Amino acid sequence: MTAVPGDLPTAADPASTGQAAEDLRTLFGQSIAVFAALAGPEHLVEAANPAFFAAIGEQRARTGVPLVEVMPELAAQGFIALLDEVYRTGEPYTGRDVRVVLGTEPHAREAYFDFTYEPRRDADGRVVGIGVIGVETTQVKQAQRLMAEHHALLEQIARQAPLTEVLDGMARSIENLAPQEILVSVLLADPDGRHLRHGAAPSLPDFYNQAIDGIATGEGVGSCGTAAHRRESVIVTDIAADPFWADFRDLAGRAGLAACWSTPILARDGSLLGTFAMYHRTPRVPQDTDLALARIFAGTAALAIERHHIEQAKLAAEARAKAAHDELAKAVRAERGLRAEAEQRAAAAAELNAQMRAAAAAQAASPHPETCQLGGAEACTAPAEIKIADSWGDSAWGCPRHVEEAILNVRAVFIASEELGGLAAYLNR
């Protein structure tokens, strides 16, 4: 939006100046465009519409003073020098999507504007002031960046990227989106919901992440432990003075942290998944846009974590199914081995049985001795009544007396006994 040179009343005539302010209030009073009429080389705020003061902060709504007194932060950002240049040269200046930090910490905010510095001239054509006309594009700018980052995160989740990769990328994108420096942390809830584990915190020091890994959930346990316990956001604007941080104040001081806003990450059924926290290096009060950003990305983190849990459950179920299948296959192999061994034993038993039957048949065919074969050299004429055999497969028929002797004597003694004719009898058996 631009103004036409010469159309605005000049600042040379006091009556004209008063009418100009009234006309400007009428023209821009209800407009969403910001407008301010600046007079003289000091850029006195002659008039401004409500949208201008709403943009810079209602508490700073003053006229009749230099703009640098109303908005001292503009000097360091080069905007006062730019006004000086327009006033000196009479050449208008137009900016598109220009970044401006409005206010000071802890209430500073980043804003973007399309604006024009238009020189105001008197009847003789001399520059007597500057008209500032602009439209704030902050929401559009942030929405565009937010949509792009959010879309990229959703794509990561859809392609089942590792959870650590998604959370780390989310933390970095939020840190880049935020108007002031912030440090993002995501903690993941244990299955019992009683402790929080490190998930992602790319800009926090390692010693800090290690110290809070595993902290309990509970009232007064920092911002995150309390948010997890309450299932609602916990805003700590000044860690140094907040009782929730009594046990962690020194740790936060070593890490250079001064504020922490924590939002619980909840599943669709309301169960705790973790916490999403934004840290600041100076005490700071959140703006509505900060809270909206936290809610959006806490929801995105919930989606990523739930997807991760589903995938983990699926992998665990597949692992259990594979283990059961492997056990079944092992049992089948064992059963087959036992069956094969049983079949081998059955075959061996059948073969042995056949041999026994053959031996019995062969023995049955041989003539039964009439007298004792165990008498040795003396020979025994007693009837052969009992058959005796040893483990070597040798056997003989004998009378009860000699069979008893054979049983009482080991084979080696029998063989060595010349009285029994053992060696000769064994060799000629």
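The values are calculated or read from the model by the stated rules, or taken from the named source; none is laboratory data. Computed from a predicted model, the values in this text were never measured in an experiment. Neighbour counts run over all protein chains shown; Cβ positions are idealised from the backbone, glycine included. The protein model used for the area step is the full one, side chains on, heavy atoms only, and it has no ligands, DNA or RNA in it. Shrake-Rupley method; radii C 1.70, N 1.55, O 1.52, S 1.80 Å.
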Output for region 120-151, where each listed residue is at pLDDT below 80 and small (Gly, Ala, Ser): Ala143, Ala148
Checking Ala329 against (1) at pLDDT 90 or above; (2) out of contact with any Cys (no Cβ under 9 Å at 6 or more places or on another chain); (3) of a type in the set (A, V, I, L, M), the condition it does not meet: (1)
Index of the failed condition, Gln210 passing every other in (1) buried (at least 16 other Cβ atoms within 10 Å of the Cβ); (2) out of contact with any helix residue (DSSP H, G or I) (no Cβ under 6 Å at 6 or more places or on another chain): (1)
Top-ranked residue in region 81-97 [being open to solvent by 30 Å² or more (accessible area, probe 1.4 Å) and not charged (D, E, K, R); ranked as nearest to Val45 (Cα to Cα)]: Tyr87
Cross-chain or 6+ apart pairs with Cβ under 9 Å, region 297-309 first and over 12 Å from His150 (Cβ atoms) and part of a helix (DSSP H, G or I), then open to solvent by less than 10 Å² (accessible area, probe 1.4 Å) and of a type in the set (Ser, Thr, Tyr): Ala298/Thr275
Qualifying residue in region 252-269 (condition: farther than 18 Å from Cys224 by Cβ and either in contact with a Phe, Trp or Tyr (Cβ under 8 Å, 6 or more places away or on another chain) or surrounded by fewer than 18 Cβ atoms within 10 Å (Cβ to Cβ) (or both)): yes
Residue list for region 221-243, filter: open to solvent by less than 60 Å² (accessible area, probe 1.4 Å) and among the hydroxyl-bearing types (Ser, Thr, Tyr): Ser223, Thr226, Thr237
Residue match in region 362-372 (condition: at pLDDT below 75 and touching a Lys or Arg at 6+ places or on another chain (Cβ under 6 Å)): no
Any helices (runs of 4 or more DSSP H) falling wholly within region 379-429 and containing at least 3 residues that are more than 60 Å from the chain's Cα centre (by Cα) and at pLDDT 60 or above: 400-408
Test: residue in region 70-79 that is β-branched (Val, Ile, Thr), within 16 Å of Tyr117 (Cα to Cα), at pLDDT 90 or above and surrounded by 13 or more Cβ atoms within 10 Å (Cβ to Cβ): no
Residues located in region 114-145, provided they are surrounded by 19 or more Cβ atoms within 10 Å (Cβ to Cβ) and within 30 Å of Tyr279 (Cβ to Cβ): Glu136, Thr138, Gln142
Pick from region 166-187, criterion free of Cβ contacts under 8 Å to residues at least 60 places away in the same chain and in contact with a strand residue (DSSP E or B) (Cβ under 7 Å, 6 or more places away or on another chain), ranking: surrounded by the most Cβ atoms within 10 Å (Cβ to Cβ): Ala171
